[in-house]
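One structure follows; several queries about it will come next.
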Amino acid sequence: MALQQADREIRRLKEEIAALPKRVAAIEEKLAGTKAALETAKAAVKADEAARRKYETAITDLQGKISKYRDQSLAVKTNDQYKALLHEIQFAERDIRGNEDKILELMLDADSREKEVKAAEAELKSEMAEIEKEKIEARQRTAEDEKELAEWNAKRDQLRGGVGADLLRHYDRVSKYRGSGLSEVLDHKCMACQVMLRPQTYNEVRTGTQVVICDSCQRILYFNPTNELVEDRSARRKRHRPKADSAQAWYYRPEYAEHGEVFLVFVNGDSNSNRRVYELGTGRQVGDILEREGNYHLAFPEDLTNAIRLNGSWPETELEEWGAELPMVVLDVLQRDLDLARTESSAGAHTHSAHEALPSEHPAAS
């Protein structure tokens, strides 16, 4: 568990170190866009200035033509020649007015162009200051992360030395593909893949006497009794008592012949009752269905010795459909209720012992 924590911290630090240059690169990309916008604004100002000079030159040329035409009109001898020169003068004057209008438009646009340039320059200055600040912070944070990463790597190497070679290989292989090599077991299921565990597997994880692997995700399973204690305290208040007069009754027995722990189910009929026995770990049926006359309390008294009554009731048609093995969901329900019953029994025994330990408030008279 400590090794997995070290691996997680190392992964987090590596991701953070790799993300810092990308963050700076994103700002620099934005800076490049601002620079391009500034260059575009400046280029537009220059283009307007060039266009204005062109129109002013055209006006000067047209004014020269008008002066020339007027000089020529003084020397003409016919009305047709004079009219032709007047037309040329009028055309030139019209072109002058057109160029002057274009110059006026450029002058009106000049203010907005200048504002665009100044705004782009201010934004560029601000972004350049920001990126310098980000670069300094990134360098500082990277140095801190690299120092912390070196410490975690050293700790990780030390932790790996305390894990068996075979288990370490399995952990590395699962971590590579799953992102983690361990998973906590809580509420009868693997918390990483959320798959329910068989009761036998759950009990093996709880005892902690051997390494147990999740059949679904292949992670190494571990059990934290503190979390179960919180769960049990909450669940203990919610456990319902099995009905005494129920036509169907489920029991748990810690020892049953050579089969060890088993679940038993009794079903009362009109004048007889039957019994089925299932292994706790596998859910497989033990032996055949046994039927006797009378209520199951009277018909199977030997099976009720040292047995714990459990909650559970399913139609007999379903029992027949299950055949020789209980469904996983049924095993989970029975196992969970058994855990709650054990917790209640343990709490009750503790309370009883505490009461016995209290001194008598009224000692007997001598």
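Would you point out which residue out of Leu182, Leu186, Leu168 is over 18 Å from the mean Cα position of the chain (by Cα), hydrophobic (A, V, I, L, M, F, W, C) and surrounded by 15 or more Cβ atoms within 10 Å (Cβ to Cβ)? Let's see the steps before the verdict.
Values: Leu182 fails: over 18 Å from the mean Cα position of the chain (by Cα); Leu186 fails: surrounded by 15 or more Cβ atoms within 10 Å (Cβ to Cβ).
Exactly one residue qualifies, and that residue is Leu168.
Can I ask one more? What are the residue pairs meeting all of these: first residue in the stretch 25-47, first residue at positive phi and modelled with pLDDT of 85 or more, second residue loosely packed, with under 12 Cβ neighbours inside 10 Å and not in a helix (DSSP H, G or I), Cβ atoms under 6 Å, and 6 or more apart or on different chains?
Close Cβ pairs (under 6 Å, with a partner that is loosely packed, with under 12 Cβ neighbours inside 10 Å and not in a helix (DSSP H, G or I)) do not exist here.
Look through Ala138, Ala150 and report the one residue that is assigned by TED's automatic domain parsing to the domain that holds Lys22, among the small types (Gly, Ala, Ser), out of contact with any strand residue (DSSP E or B) (no Cβ under 6 Å at 6 or more places or on another chain) and more than 19 Å from Ala25 (Cβ to Cβ). Working first, answer last.
Working: Ala138 fails: more than 19 Å from Ala25 (Cβ to Cβ).
Sole residue among the options that is assigned by TED's automatic domain parsing to the domain that holds Lys22, among the small types (Gly, Ala, Ser), out of contact with any strand residue (DSSP E or B) (no Cβ under 6 Å at 6 or more places or on another chain) and more than 19 Å from Ala25 (Cβ to Cβ): Ala150.
Given the stretch 246-338, what strands (runs of 3 or more DSSP E) lie entirely inside it while holding 1 or more residues that are within 30 Å of Leu186 (Cβ to Cβ), in contact with a helix residue (DSSP H, G or I) (Cβ under 7 Å, 6 or more places away or on another chain) and of a type outside the set (S, T, N, Q)? Full working, then the answer.
Working: elements: 248-253, 262-268, 272-279, 290-293, 308-310.
In the stretch 246-338, the matching strands (runs of 3 or more DSSP E) lie at 248-253, 262-268, 272-279, 308-310.
When you scan the stretch 66-87, do you find a residue that is in contact (Cβ under 8 Å) with a residue 24 or more places away in the chain and over 60 Å from the mean Cα position of the chain (by Cα), even just one? Outline the logic, then answer.
First, the residues of the stretch 66-87 that are in contact (Cβ under 8 Å) with a residue 24 or more places away in the chain: 66.
Among the residues that remain, those that are also over 60 Å from the mean Cα position of the chain (by Cα) are: 66.
So far as the stretch 66-87 goes, yes, one or more of its residues are in contact (Cβ under 8 Å) with a residue 24 or more places away in the chain and over 60 Å from the mean Cα position of the chain (by Cα).
OK, next. Just give me the residues in the stretch 272-283 being at pLDDT 90 or above and not acidic (Asp, Glu), in sequence order.
Asn272, Ser273, Asn274, Arg275, Arg276, Val277, Tyr278
Would you check if Ser175 is modelled with pLDDT of 90 or more, surrounded by 14 or more Cβ atoms within 10 Å (Cβ to Cβ) and closer than 30 Å to Pro254 by Cβ? Walk me through how you get there before you give the answer.
Numbers: modelled with pLDDT of 90 or more: yes; surrounded by 14 or more Cβ atoms within 10 Å (Cβ to Cβ): yes; closer than 30 Å to Pro254 by Cβ: no.
So Ser175 does not fit the description; no.
Looking at Arg141, Arg94 in this structure, which one is at pLDDT 85 or above and more than 60 Å from the chain's Cα centre (by Cα)?
Exactly one residue qualifies, and that residue is Arg94.
Answer yes or no: is there a residue in the stretch 105-114 that is surrounded by 12 or more Cβ atoms within 10 Å (Cβ to Cβ) and free of Cβ contacts under 8 Å to residues at least 40 places away in the same chain.
Initially, the stretch 105-114 is screened for residues surrounded by 12 or more Cβ atoms within 10 Å (Cβ to Cβ), giving 105-106, 109-110, 113-114.
Checking the rest, the ones that are also free of Cβ contacts under 8 Å to residues at least 40 places away in the same chain come to 105.
Scanning the stretch 105-114, I find at least one residue that is surrounded by 12 or more Cβ atoms within 10 Å (Cβ to Cβ) and free of Cβ contacts under 8 Å to residues at least 40 places away in the same chain, so the answer is yes.
Could you tell me which numbered condition Pro199 fails, if it satisfies all but one of (1) touching a Gly at 6+ places or on another chain (Cβ under 8 Å); (2) free of Cβ contacts under 8 Å to residues at least 12 places away in the same chain?
Only one criterion is unmet by Pro199, namely (2).
The values are calculated or read from the model by the stated rules, or taken from the named source; none is laboratory data. Predicted model, so just to flag it, every value in this text is computed and none were measured. Backbone-built Cβ (ideal geometry, glycine too); neighbour counts: all protein chains shown.
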